[in-house]
1. If I ask for residues that are surrounded by 13 or more Cβ atoms within 10 Å (Cβ to Cβ) and either out of contact with any Phe, Trp or Tyr (no Cβ under 7 Å at 6 or more places or on another chain) or not small (G, A, S) (or both), which ones from the stretch 39-53 would you list?
2. Exactly one condition in (1) at pLDDT below 95; (2) surrounded by fewer than 16 Cβ atoms within 10 Å (Cβ to Cβ); (3) not acidic (D, E) is not met by A179; state its number.
3. With the structure loaded, tell me whether L149 is touching a strand residue (DSSP E or B) at 6+ places or on another chain (Cβ under 8 Å), crowded, with 19+ Cβ neighbours inside 10 Å and under 16 Å from H93 (Cα atoms) or whether it fails that test.
4. Among the residues of the stretch 145-156, are any farther than 22 Å from S191 by Cα and within 17 Å of the chain's Cα centre (by Cα)?
5. Given the structure, is R45 farther than 20 Å from D176 by Cβ, among the basic types (K, R) and in contact with a strand residue (DSSP E or B) (Cβ under 6 Å, 6 or more places away or on another chain)?
Amino acid sequence: MKRELTILLIGLLVGAAGFKIGSALFSDVSISENNEISTGEFDIRISKTGDRFYNDLKLFEFNDLKPGDEIKAEFYIKNSGDFNISKILIIPHVQDLESGELTEAEALVDNTTEIGELSQNLILEWIAITQGNQTYTLGEYSGKTLYELNNQSISIFNSSLGPSETLRVTMFLLVDPNAGNEIQKDVSLVSLQIYAEQ
């Protein structure tokens, strides 16, 4: 048995040596390192003027309004990312406050000393959207108050906004001409969430 194992071992060594002697002398290796796969950025920004764009910006402020006044809130939305945007929503969040003590005239008609009524009397007349040279208006929200639109999605865009392209958004609001003393010294704090999808 020892003799058979010795012969087998010698055969394997000779076979291995013969394999090495019979192999090719040329060889080569190619290496591919640091191959990269990455994603682009999806980014939407806002601006008051269309010059500089930000992720967080106060877009408007209107003071000393009275019943019958019309205001125009205008701002810009930019696709600052790498992909087309196909959908944009504006979601307003409205908080009504009383500014200080009620006036004598207001106290006669206003039972809420901490909550204002202004958003119930701010009527959205229409929204105009401008992309390039084309402007269109959104009529489905016309006649609604900010109070009614609070926390509601307002669809302003369903097309294609390419990288670096901008939209101009113009919102026309009217202080209800029939509003009375209940809105004196009221404040509506309006936050706009601009939501976009690829």
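1. Matches in the stretch 39-53: F42, D43, I44, R45, I46, K48, F53.
2. Condition not satisfied by A179: (2).
3. Considered against the rule, which asks whether it is touching a strand residue (DSSP E or B) at 6+ places or on another chain (Cβ under 8 Å), crowded, with 19+ Cβ neighbours inside 10 Å and under 16 Å from H93 (Cα atoms), L149 comes out as yes.
4. No, because not a single residue in the stretch 145-156 is farther than 22 Å from S191 by Cα and within 17 Å of the chain's Cα centre (by Cα).
5. Considered against the rule, which asks whether it is farther than 20 Å from D176 by Cβ, among the basic types (K, R) and in contact with a strand residue (DSSP E or B) (Cβ under 6 Å, 6 or more places away or on another chain), R45 comes out as yes.
For (1) closer than 17 Å to K72 by Cβ; (2) within 23 Å of the chain's Cα centre (by Cα), each residue gets a yes or a no:
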{"site": "L122", "(1), (2)": "yes, no"}
{"site": "I127", "(1), (2)": "yes, yes"}
{"site": "G132", "(1), (2)": "no, yes"}
{"site": "E140", "(1), (2)": "no, yes"}
{"site": "E165", "(1), (2)": "no, yes"}
{"site": "T170", "(1), (2)": "yes, yes"}
{"site": "S188", "(1), (2)": "yes, yes"}
{"site": "Y195", "(1), (2)": "no, yes"}
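Every residue, every condition in (1) part of a strand (DSSP E or B); (2) at pLDDT 95 or above; (3) farther than 22 Å from G162 by Cα; (4) among the β-branched types (V, I, T), yes or no:
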{"site": "A24", "(1), (2), (3), (4)": "no, no, yes, no"}
{"site": "D28", "(1), (2), (3), (4)": "no, no, yes, no"}
{"site": "T49", "(1), (2), (3), (4)": "no, yes, no, yes"}
{"site": "D56", "(1), (2), (3), (4)": "no, yes, no, no"}
{"site": "F62", "(1), (2), (3), (4)": "no, yes, yes, no"}
{"site": "A73", "(1), (2), (3), (4)": "yes, yes, yes, no"}
{"site": "D82", "(1), (2), (3), (4)": "no, yes, no, no"}
{"site": "I88", "(1), (2), (3), (4)": "yes, yes, no, yes"}
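The values are calculated or read from the model by the stated rules, or taken from the named source; none is laboratory data. On a predicted model such as this, the values are computed, not experimentally measured, just so you know. Cβ atoms come from the backbone with ideal geometry, glycine included; neighbour counts cover every protein chain shown.
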